[in-house]
Amino acid sequence: MSALTLLFAGAVLLALLLKLWLATRQMRHVALHRDRVPAAFAGSVSLQAHRRAADYTLARGRFGLLQAAFSSALLLVWTLLGGLDALNVAVRDTVQPLLGDMGYQLALLAAFAVIGAVLDLPFDLYRTFVLEQRFGFNRMTWKLYLGDQLKGVLVGVVVGLPLAALVLWIMGATGSLWWLWAWVAWTVFQLLALVLYPTLIAPLFNRFTPLPDGELKAQVQGLMSRCGFAAKGLFVMDGSRRSAHANAYFTGLGAAKRVVFFDTLLSKLNGNEIAAVLAHELGHYKHRHVLKRMLLVFGLSLAGLALLGWLASSAGFYTGLGVRPSLDAPNDALALLLFMLALPPFMFLISPLGARLSRRHEFEADAYACAQADGRDLANALLKLHEDNAATLTPDPLYARFYYSHPPATERLAALRAQS
């Protein structure tokens, strides 16, 4: 047994045990506080709403335990127990004689994606039509669900396969520095996607209509003008077709930036609260959080591809993860899949660093919102969204520190009230 095998198996086991431990802590803590609204929210959150949020959190926690165990077992099946090796041999022997090296490698990536989607389907169906349905969040019909799946497959074929073919060609044609050229191609693709996604891909799944003229639009435009933010348009998205959850976001890059409000958000918040939520999002742009996160992602992807470039040239990388490299065919697709499978357990162990940075950015965006709008309106909006989305007000502190990309409601609202 190689050192890589032991290191990988240890990382998978450690990540699973940590997930289970944190999840059980979270569930115990939420259950313990289920029957009492925190003092800070006693006058604004009903006991019924608090219990509903606790029950939703517990249901999601139990589902998460099952999914984490299954995902870890499946990861070992794909790698150390030979699943990917068997798939590679089957696809190579069947497809390579007919479609050549590129056809075989694309077929391997496609077969892996299809099998993964099929294995994940029961979890997705349960999450959508059982768990979310039980708590009144799901509005997805079977027709809409199947349509989304079909559109997702078509987008994957039209966009994903050409991108994969380009990366595989780069890996085979540009020598030992292929990883640098692949990073350039990936970065260009990401930037193009930011420009093209809002106008070409997103409308395939949702309907976007201009925000109607009126008091809200004037209020939003006035806020954006004060903040020096220009967008191509203000749009309302029909999020209520799929879910009762509410949100608002910016999308696009440069002149293609759009402000998008879920219709569910507009129905739950008043004009001042919507403007305060928008001011928070503008705070992310004012503090260049979006740019900083993009640069961080680009930097990490460069480091990851450089690491893969080093590992892919070593037979021990393949054998240590349960796969026999091909002797008469390129192993580029195999290396990509192995790296994609092996990396998450290690990244999970350092994920609290990213969550901590994200929480800091949220506090900074909140402070900006308080300077541009009324912090009390933002606090009221956040409280409404917490209650409406059944987000627990009593998370386990350690669980929150590890996972939460946004500060817990108690901390966030206390900071807002101190600035209002």
*Can you run down the residue pairs with Cβ atoms below 8 Å, 6 or more apart or on separate chains, where the first is in region 35-49 and assigned to a loop (DSSP other than H, G, I, E, B) and the partner is among the charged types (D, E, K, R)?*
D35/R51; V45/E387
_Would you confirm, using the coordinates I've provided, whether D85 is assigned to a helix (DSSP H, G or I) and touching a Gly at 6+ places or on another chain (Cβ under 7 Å)?_
yes
*Output the number of residues of region 393-418 satisfying the condition of being touching a Phe, Trp or Tyr at 6+ places or on another chain (Cβ under 8 Å) and not in a helix (DSSP H, G or I).*
3
*Under the condition of being touching a residue at least 40 places away in the same chain (Cβ under 8 Å) and under 17 Å from G354 (Cβ atoms), which residue from region 298-309 is farthest from the chain's Cα centre (by Cα)?*
L302
*Please determine, by comparing only the residues of region 372-392 that are of a type in the set (D, E, K, R) and assigned to a helix (DSSP H, G or I), which one is nearest to M224 (Cα to Cα).*
D377
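Residue-by-condition table, conditions (1) basic (K, R); (2) closer than 30 Å to L131 by Cβ; (3) modelled with pLDDT of 95 or more:
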site: H50; (1), (2), (3): no, yes, no
site: D55; (1), (2), (3): no, yes, yes
site: A59; (1), (2), (3): no, yes, yes
site: A69; (1), (2), (3): no, yes, yes
site: W78; (1), (2), (3): no, yes, yes
site: D85; (1), (2), (3): no, no, yes
site: V91; (1), (2), (3): no, no, yes
site: L98; (1), (2), (3): no, no, no
site: Y104; (1), (2), (3): no, no, yes
*asked:* Criterion first (outside the structural domain of A306 (by TED's automatic domain parsing), at pLDDT 85 or above, within 23 Å of L150 (Cβ to Cβ) and surrounded by 14 or more Cβ atoms within 10 Å (Cβ to Cβ)) does A182 satisfy it?
replied: no
_Pair list, Cβ under 7 Å, 6 or more apart: region 55-66 residue crowded, with 17+ Cβ neighbours inside 10 Å, other residue aromatic (F, W, Y)_ = Y56/F135
*Give L282, L334 a once-over and let me know the one that is touching a residue at least 40 places away in the same chain (Cβ under 8 Å) and either under 19 Å from T5 (Cα atoms) or touching an Asp or Glu at 6+ places or on another chain (Cβ under 9 Å) (or both).*
L334
*Could you please give the count of residues in region 130-144 that are assigned to a helix (DSSP H, G or I) and either within 18 Å of R62 (Cα to Cα) or not basic (K, R) (or both)?*
7
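The values are calculated or read from the model by the stated rules, or taken from the named source; none is laboratory data. Quantities reported herein were computed from a predicted structural model and do not represent experimental measurements. Neighbour counts are summed over all protein chains in view; Cβ atoms, including those assigned to glycine, are modelled from backbone coordinates with ideal geometry.
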